[in-house]
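Quick notes on the structure that follows.
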Amino acid sequence: MVVAIVVGLCSGLVAVLLKTIVHHIQVWLERASLQRYGYLMFPVIGLIITVLIVRHFFGGQLDKGIAMVLKAIARKSSFIPFKHTYAHVFTSSITVGLGGSVGLEAPIVATGSAVGSNLSRISDLNYQERTLLIACGAAAGIAAVFNAPIAGVVFAVEVLLVETVVSYFIPLILSSVTGVLCSKIILQESSMFNFVLKENFNYNNVPFYILLGVLAGFMSLLYARLFKRTEHWVHDRKLTLLVKAGFGGILLTLLFFVLPPLFGEGYESVKLVANGSLSNFTDNTSLFSKLGDNWGIIAFTALIVFFKPIAAGITIGSGGNGGNFAPSLFTGAYLGFLFSKLVNSTPWVKIPVGNFSLTGMAGVLSGVMYCPLTAIFLIAEITNGYELFIPLMIVSSISFFIVKSYEPYSMDLKKLALEGQVFTHKKEKNILTSISLVEIVQDNYDTISIESKLGDLVEIIKKSEKNIFAVADSKERFVGIIELNDIKQKLFQPDQFEKLAIRSIMKKPPAILQEDDNMHKVMEKFDITQSWYLPVINSDKKFIGFISKTKLFNKYREILSGQGDLYDIR
């Protein structure tokens, strides 16, 4: 509990620091941009500086976002390198502060999680407790950013902790509350992301909320596909890192010229939309003005909804650091605004623009990040009440149902989940994911040359307690196995010892494992072959050892028995 509070304090302070740095950078930009379009040059500068920092201070590689945290939980025993406690603060603040069209929440989650992981090392905690402290750091970060302690706890449970017991909630709550207190004490109320509802919930609008939920679901799918395709398109350009950063920055500059609200996180723009006070906009091209006030703003909003994931994809693909939490909220706000404007353009019905913008935020956040409960509680908390709870539940649940029907995993985790690199909500697979092949391979097995005779094998058998042996060729490459049961009768024929070649009595194993195979593949091969031992080789086809199904089952049972309530550990 004490360590959870310390983690909450550190994560909350980091979140406040990150938001403060970005705020001051943007204030400086407003003063520095003497000419009307002066701000458009800064995204290029921000991306280039970010790439330079990563190259010179972090070895040219920096794992980013929530995917990094989940991979560390599943594959690295919840150990996150110390550099992640500060790397994301520098890189994301420059990327977002200078106009990158992404959010700070994923870097804050990564930083808070790294704080929790590294503090657990100091405290000498076990894997279960380390994982919980990672979640505590993430909860405190989200809570501090949005002044939403419940949303912070729910986010940690829904996104990071695949399995949760009741005792987890106490440290999560302590961390989350501590993070919020940091935010409330240090940050000014005017800089907080909150809203005041202008209209109460009207049950007559439920059909429109249902329709918005459907739109949010399909918009979430479109968002994910636009973002990933754009990110890969930019990332795969055969350019140097600096040229790629400059190229991405120029693309962002063009987008920002046409659609200025795409610049940076966009939360100030979201406040206007969610409060229903967006009545005019900057039309640098003069194209939207020709459509009139109402249809001009509708066309402008529609393009923003479509191009926000593209802008985010360009930012990340060209080397920036940030996440999709803020962009999904931004897209949802404009989607709800667009939907309500279209409905209100008809003479038959009027719906509250602000309320639909807020519920649209929850819908797209739920669909993009796969966190419907977080979306519901987050919007409820930033609106200072539960007046919109029913429409939030309707829109978020419908959106989530639609995206899960098409894609079982979120866009950031799909590849890792299919490779078995992160935990899913299937307990058996999670346990297998947490086991590495290296820790259960047995390398104390003897190897015999294929050119040897039976007599040579007999000498090995005399000194060995094993009943299976590996056979290698003249280049020490694995070629087969010999099982004691197969040659038992020949062992009592001494006249054959110098006549019978190993080549003639060896056999091919039913399956061969590679040293980088995951446990899902290992278990699948055991099931197919019905074997109790399978050989493991490296990339050079050299024998490493055998894996025993018995040892694998014992490791599985050991992990299973170690999972339980925190209060039952000692």
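Descriptive notes on the structure:
- Only one entry of Leu174, Leu181 meets the criterion of being more than 21 Å from Val69 (Cβ to Cβ), part of a helix (DSSP H, G or I) and touching a residue at least 12 places away in the same chain (Cβ under 8 Å), and that entry is Leu181.
- Residue within the range 386-400 that is part of a helix (DSSP H, G or I), acidic (Asp, Glu) and either closer than 23 Å to Phe201 by Cβ or without any contact (Cβ under 8 Å) to a residue 24 or more places away in the chain (or both) present: no
- Test: residue in the range 76-86 that is touching a Lys or Arg at 6+ places or on another chain (Cβ under 6 Å), within 23 Å of Ala144 (Cβ to Cβ) and in a loop (DSSP other than H, G, I, E, B): yes
- Complete set of residues in the range 52-78 that are buried (at least 23 other Cβ atoms within 10 Å of the Cβ) and in contact with a Ser or Thr (Cβ under 8 Å, 6 or more places away or on another chain): Val69, Ala72, Ile73, Ser78
- Check on Ala138, within 27 Å of Phe400 (Cβ to Cβ), within 17 Å of the chain's Cα centre (by Cα) and assigned by TED's automatic domain parsing to the domain that holds Ile80: yes
- Just one of the listed residues (Ser452, Ser504, Ser464) is over 17 Å from Pro535 (Cβ atoms), of a type in the set (Ser, Thr, Tyr), out of contact with any strand residue (DSSP E or B) (no Cβ under 8 Å at 6 or more places or on another chain) and outside the structural domain of Leu418 (by TED's automatic domain parsing), namely Ser504.
- Among the residues listed as Val206, Val145, the single one being under 24 Å from the mean Cα position of the chain (by Cα) and part of a helix (DSSP H, G or I): Val145
- Unique match (being free of Cβ contacts under 8 Å to residues at least 12 places away in the same chain and in a helix (DSSP H, G or I)) among Val3, Val27, Val54: Val27
- Filter pass, Val159 being modelled with pLDDT under 90, buried (at least 19 other Cβ atoms within 10 Å of the Cβ) and in a helix (DSSP H, G or I): yes
- Checking Thr164 against (1) part of a loop (DSSP other than H, G, I, E, B); (2) at pLDDT 85 or above, the condition it does not meet: (2)
- Look at (1) within 15 Å of Ser399 (Cβ to Cβ); (2) surrounded by fewer than 21 Cβ atoms within 10 Å (Cβ to Cβ) and you find that Gly213 fails only one, number (2).
- Top-ranked residue in the range 107-141 [being closer than 12 Å to Leu160 by Cβ, touching a residue at least 40 places away in the same chain (Cβ under 8 Å) and aliphatic (A, V, I, L, M); ranked as surrounded by the fewest Cβ atoms within 10 Å (Cβ to Cβ)]: Leu132
- Taking helices (runs of 4 or more DSSP H) as the structural unit, those lying wholly within the range 271-385 and holding at least 1 residues that are free of Cβ contacts under 8 Å to residues at least 24 places away in the same chain correspond to 293-317, 325-344, 372-382.
- Screening the range 101-129 for residues that are outside any helix (DSSP H, G or I) and under 19 Å from the mean Cα position of the chain (by Cα) and picking the one that is farthest from Val16 (Cα to Cα) gives Ser101.
Matching residues to (1) of a type outside the set (Asp, Glu); (2) surrounded by fewer than 15 Cβ atoms within 10 Å (Cβ to Cβ); (3) modelled with pLDDT of 85 or more:
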| position | (1), (2), (3) |
| --- | --- |
| Pro509 | yes, no, yes |
| Val522 | yes, no, no |
| Ile544 | yes, no, yes |
| Phe553 | yes, yes, no |
| Leu566 | yes, no, no |
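- Some residue of the range 57-64 being within 28 Å of Val258 (Cβ to Cβ) and among the basic types (Lys, Arg): yes
- Selected residue (only one of Ala224, Ala245 is under 27 Å from the mean Cα position of the chain (by Cα), among the aliphatic types (A, V, I, L, M) and closer than 30 Å to His56 by Cα): Ala245
- Look at the range 521-533: where a residue is not assigned by TED's automatic domain parsing to the domain that holds Pro510, no partner that is hydroxyl-bearing (Ser, Thr, Tyr) and not in a loop (DSSP other than H, G, I, E, B) sits 6+ places away or on another chain with Cβ atoms under 8 Å.
- All told, Ile250 meets the bar of being surrounded by fewer than 20 Cβ atoms within 10 Å (Cβ to Cβ), out of contact with any His (no Cβ under 8 Å at 6 or more places or on another chain) and closer than 27 Å to Gly46 by Cβ.
The values are calculated or read from the model by the stated rules, or taken from the named source; none is laboratory data. Not measured: the values here are computed from a predicted model. Neighbour counts are summed over all protein chains in view; Cβ atoms, including those assigned to glycine, are modelled from backbone coordinates with ideal geometry.
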